[in-house]
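The values are calculated or read from the model by the stated rules, or taken from the named source; none is laboratory data. Source: prediction; values computed, not measured. Cβ sites come from the backbone with ideal geometry, for glycine too, and all protein chains shown count toward neighbours. When the accessible area is computed, the model is the full protein with side chains, heavy atoms only, and any ligands, DNA or RNA have been set aside. Shrake-Rupley method; radii C 1.70, N 1.55, O 1.52, S 1.80 Å.
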Amino acid sequence: MKMKALTLVTALPLALAVAGQASAADGFYVSGFVNNNTLEHSLERDTGTNTTPSITSKSDETDVGFGVGIGYKLHVAEDVFLGAEAFYTKEDVKTTNLNNLLRTEVSLESTYGARLLAGIDITPKVAVYGFAGATRLDFDLRNSYPFAPPVRTATEKETAFNFGFGFAYSINKNLSLIGEYSQINDVDFDPIPEVAVAGKINENELDLSSWKLGLNYSF
């Protein structure tokens with residue numbers, strides 16, 4: 001899936017190279033996009049004994065989400081522009097991490113936040129940019145054991161630093177094709193206490209990487 005998304009992101013600008021002649025206008029814009037997301041969950045289960053070492057396990061899964069954004073773009077020099085954007089993405093990716101006999105499922109439901117952009121025009125129609133901002137992750141947790149109840153569930157919300165890079169290809173004055181890669185690293189969260197050991201908390205961490213492909217409409 002990641003290779004397909006990358007191929008699509010790089011191939012579409014070439015396919016559209018003959019369309020339109022003018023770059024997209026400055027000002028407000030709205031966007032719609034699809035994401036190819038990889039969620040990685042790390043769990044360090046501390047046994048609390050000298051004879052049995054702690055066990056760190058990892059799981060990852062890739063799936064597709066979709067979202068919308070609204071932003072503002074302004075050229076501060078002939079080929080240099082700045083921007084700000086707010087976004088919301090409906091996610092659908094779930095990992096299952098089995099550490100010894102503890103099974104932890106993480107289901108990412110949505111991400112949303114704001115970011116700042118800075119970029120340059122490579123040609124009148126092609127621009128590249130970088131961005132950084134804050135992203136809120138909304139996800140569900142489920143702790144269980146493979147062969148016996150009980151099961152515990154919870155909902156978590158964490159805020160993380162988001163960064164990445166992208167390109168924009170102007171189809172005409174109003175419409176642009178966009179492609180982006182973004183990364184969120186080392187999101188620590190308080191998990192559900194272990195079912196079998198009352199009050200015991202393990203270290204948990206999430207990483208999220210995304211390829212995005214979409215369209216911007218400038219007003």
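Out of (1) open to solvent by less than 80 Å² (accessible area, probe 1.4 Å); (2) farther than 23 Å from Gly67 by Cβ, what's the single condition that is false for Asp190?
Going through the list (1) open to solvent by less than 80 Å² (accessible area, probe 1.4 Å); (2) farther than 23 Å from Gly67 by Cβ, Asp190 breaks only (1).
Before we move on, is Val9 modelled with pLDDT of 60 or more, touching a strand residue (DSSP E or B) at 6+ places or on another chain (Cβ under 6 Å), among the β-branched types (Val, Ile, Thr) and closer than 19 Å to Val126 by Cα? Even if it seems obvious, please write down each step before you answer.
Values: modelled with pLDDT of 60 or more: no; touching a strand residue (DSSP E or B) at 6+ places or on another chain (Cβ under 6 Å): yes; among the β-branched types (Val, Ile, Thr): yes; closer than 19 Å to Val126 by Cα: yes.
Answer is no for this residue.
Name the one entry in Asn162, Asn216, Asn185 that is of a type outside the set (Ser, Thr, Tyr) and in contact with a Gly (Cβ under 7 Å, 6 or more places away or on another chain). Walk me through it before giving the result.
Details: Asn216 fails: in contact with a Gly (Cβ under 7 Å, 6 or more places away or on another chain); Asn185 fails: in contact with a Gly (Cβ under 7 Å, 6 or more places away or on another chain).
The match here is Asn162.
Does Leu206 satisfy being among the hydrophobic types (A, V, I, L, M, F, W, C), at negative phi and either surrounded by 17 or more Cβ atoms within 10 Å (Cβ to Cβ) or touching a Gly at 6+ places or on another chain (Cβ under 9 Å) (or both)?
Spelling it out, Leu206 is indeed among the hydrophobic types (A, V, I, L, M, F, W, C), at negative phi and either surrounded by 17 or more Cβ atoms within 10 Å (Cβ to Cβ) or touching a Gly at 6+ places or on another chain (Cβ under 9 Å) (or both).
Within the range 88-109, restricting attention to residues that are open to solvent by less than 10 Å² (accessible area, probe 1.4 Å) and not hydrophobic (A, V, I, L, M, F, W, C), which residue is nearest to Phe161 (Cα to Cα)?
If we filter the range 88-109 for residues that are open to solvent by less than 10 Å² (accessible area, probe 1.4 Å), which is where we start, we get 89, 91, 93, 95, 97, 99, 102, 104, 106, 108.
In the following step, the residues that additionally are not hydrophobic (A, V, I, L, M, F, W, C) were identified as 89, 91, 95, 97, 99, 104.
Details: Thr89: 16, Glu91: 18, Thr95: 21, Asn97: 24, Asn99: 27, Thr104: 24 Å.
If we take residues in the range 88-109 being open to solvent by less than 10 Å² (accessible area, probe 1.4 Å) and not hydrophobic (A, V, I, L, M, F, W, C), then Thr89 is nearest to Phe161 (Cα to Cα).
Can we say Leu39 is open to solvent by 70 Å² or more (accessible area, probe 1.4 Å), among the aliphatic types (A, V, I, L, M), modelled with pLDDT of 95 or more and touching a Leu at 6+ places or on another chain (Cβ under 8 Å)?
On the way: open to solvent by 70 Å² or more (accessible area, probe 1.4 Å): no; among the aliphatic types (A, V, I, L, M): yes; modelled with pLDDT of 95 or more: yes; touching a Leu at 6+ places or on another chain (Cβ under 8 Å): yes.
Considered against the rule, which asks whether it is open to solvent by 70 Å² or more (accessible area, probe 1.4 Å), among the aliphatic types (A, V, I, L, M), modelled with pLDDT of 95 or more and touching a Leu at 6+ places or on another chain (Cβ under 8 Å), Leu39 comes out as no.
From the list Ile178, Ile171, Ile184, which one is open to solvent by less than 50 Å² (accessible area, probe 1.4 Å), hydrophobic (A, V, I, L, M, F, W, C) and at pLDDT below 95? Steps first, answer last, please.
Working: Ile178 fails: at pLDDT below 95; Ile184 fails: at pLDDT below 95.
From the options Ile178, Ile171, Ile184, the qualifying one is Ile171.
In contact with a Leu (Cβ under 9 Å, 6 or more places away or on another chain), open to solvent by less than 50 Å² (accessible area, probe 1.4 Å) and of a type in the set (S, T, N, Q), is that true of Asn143? Even if it seems obvious, please write down each step before you answer.
Details: in contact with a Leu (Cβ under 9 Å, 6 or more places away or on another chain): yes; open to solvent by less than 50 Å² (accessible area, probe 1.4 Å): yes; of a type in the set (S, T, N, Q): yes.
Yes: the conditions hold for Asn143.
Looking at (1) modelled with pLDDT under 90; (2) open to solvent by 20 Å² or more (accessible area, probe 1.4 Å), which is the one condition that is false for Glu158?
Just one mismatch for Glu158, condition (1).
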